[in-house]
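See below for the structure under consideration.
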Amino acid sequence: MSVTKPGRLLHSPTTKKTKQPSSMSRKDALLLRMLVFVPICLILHHLNVNPKIVFMTAGLAIIPLAAWTANFTEAISPLELALL
């Protein structure tokens, strides 16, 4: 291997590149970010913030939880059919 810049190495042509695992879809990434509303909702509730604001954050918090529940249910449905 030869050095081009400090800290950057060129790979030899015999080096095999390993396939990177697929990245998260945009939908899954958005749902993951929306999970931040779960603790926010709980904190706002315990701080006695306006109930309308707590309700809105709870509504935003339940979206990723409902989506993941649906995904997990679909994932285990073939297992149920196999048991029958």
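Please enumerate the residues belonging to segment 27-52 that are polar (S, T, N, Q) and open to solvent by less than 100 Å² (accessible area, probe 1.4 Å). I'd like the intermediate steps shown before the answer.
First, the residues of segment 27-52 that are polar (S, T, N, Q): 48, 50.
Within segment 27-52, just Asn50 meets the criteria.
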Only one of these is open to solvent by 70 Å² or more (accessible area, probe 1.4 Å), of a type in the set (Phe, Trp, Tyr) and more than 19 Å from the chain's Cα centre (by Cα): Phe72, Phe55. Name it. Phe55
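Considering only residues that are aliphatic (A, V, I, L, M) and open to solvent by 70 Å² or more (accessible area, probe 1.4 Å), which ones fall in segment 75-84?
Ile76, Leu79, Leu81, Ala82, Leu83, Leu84
The values are calculated or read from the model by the stated rules, or taken from the named source; none is laboratory data. In this text, all values refer to a predicted model and were calculated from it rather than measured experimentally. SASA here: full protein model, heavy atoms, side chains in, ligands and nucleic acids out. Shrake-Rupley method; radii C 1.70, N 1.55, O 1.52, S 1.80 Å.
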